[in-house]
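Following: one structure in structure tokens, then a few remarks.
A short reminder: the numbers here are calculations on the coordinates, not readings from a lab. What you are looking at is a predicted structure, and each value in this text was computed from that prediction instead of being measured. Quick reminder, even Gly has a Cβ in these numbers, built from the backbone with ideal geometry, and neighbours come from all protein chains shown.
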Amino acid sequence: MLMIQVKITKNDQNKRLDNFIRKYLNQAPLSYIYKLFRKKDIKVNKKPAKPDYITKLDDEITIYVKEESLHEIKEIKNTNKKEFDIIYEDENILIVNKPINLLVHEGNDDNEDTLINQVINYLIETKQYNPNVENGFVPALAHRIDRNTSGLVVIGKTNLALQELFEAFSNHENVKKQYLCLVVGIIKEDGIVEAPLKKDENKKLVFVDKNGLYAKTIYHVLQTYDDCSLLEIQLVTGRTHQIRVHMNYIHHPLLGDKKYGNEMADKLAKKYKLKNYFLHAKQITFTNFSKTLAYLNNKTFVAPLYEWQKQLLDRLNKEE
């Protein structure tokens, strides 16, 4: 048997022990972890521990596992890629500009690279995160954007910062988000869309439904062209695919949106040589944080457009 000894750091304290072990042995099945508890192969300060034990600073955790199975139950994926641009960074958070065609989290293909893998490896390389010291804590994204949506993503680098970010994004409080998007047709006036959204898990689609979750989108017209409009979007709520579904609901889907678009969205995508839709998480403003991140209050962070987006807007402006 191999004896693994882990010391609880400030980022690992005040957690259920089973949750800590699940993150530390990040490839292990849940059944395997609870088998370790039943066999008393998990100890705290040399005494057998229960799954609901709450960790304390400087606790010594001992785990007994078969040496040959270690590589199957604990893994850090390595990648040399760094496709994101850093917009802001301090000891608590990292804000990046994500390109299109990059998943934020793992999907169906475990071998596909993701933003979070790239971020974790960046933090390891810059010696800001050491998985062998932090043990159960892993830096994580505070929210998500779709694969083909570009722009700002916020990452928590410490446990306290991540908890505060999770609360703000899940409650749609203390964070204001703005997006840019290109939609089909001419929109002459600013407007608000309030339409409840429901997700079909089987079809992986979101649609407007009176029994869905409340959703509100505010849009401001920045520019109109011959056959499309450039909008600035403010998300009041943050539902899955909210902007794409709400724009389709008012008959102005995003150009090139194959999932929620229409025939004209496809036609204009071909005209302007768009392989994906144009949706960019442009700006985030922090407000009314009261704990670890209070120093960020009233700060605004902006992600510049990528070159292909600038070129497309330049073309549209010249053709106007």
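Short-range pairs are left out: with C-alpha atoms under 8 Å and at least six residues apart, the relative contact order of the chain is 15 percent. For the chain, the dipole from Cβ point charges (+1 on Lys and Arg, -1 on Asp and Glu) about the Cα centre works out to 840 debye, to the nearest 20. With axes computed from alpha carbons, what is the tilt in degrees of helix 159-171 against the longest principal axis of the chain, rounded to the nearest 10 within 0 to 90? Approximately 40 degrees, to the nearest 10. Over all pairs of different C-alpha atoms in region 172-216, the reciprocal of the mean inverse distance, the Kirkwood hydrodynamic radius, equals 13.2 Å.
Less than 12 Å Cβ to Cβ from ARG16, Lys/Arg counted +1 and Asp/Glu -1: what total charge do the surrounding residues give? Taking every Cβ under 12 Å from that of ARG16, the sum is +1. Computed over the chain, the P(r) tail beyond 30 angstrom holds 44 percent of alpha carbon pairs. Residue-wise HN-Hα couplings along region 31-48, as the Karplus relation 6.51 cos²θ - 1.76 cosθ + 1.60 with θ = phi - 60° gives them from phi, are 4, 5, 5, 6, 5, 4, 5, 4, 7, 6, 8, 10, 10, 10, 6, 6, 10, x Hz; Gly and Pro carry x. Over region 241-320, the hull volume per residue, using the convex hull of the C-alpha atoms, is 143 Å³.
Once you order the gyration tensor axes a ≥ b ≥ c over the Cα atoms, which shape class does region 97-224 get: rounded for a/c under 1.5, otherwise prolate or oblate by comparing a/b with b/c? Cα axes put region 97-224 in the prolate bin. Counted over region 1-71 with a bin width of 5 Å, the fraction of Cα pairs per bin, in whole percents, is 4, 17, 32, 29, 14, 4, 0.
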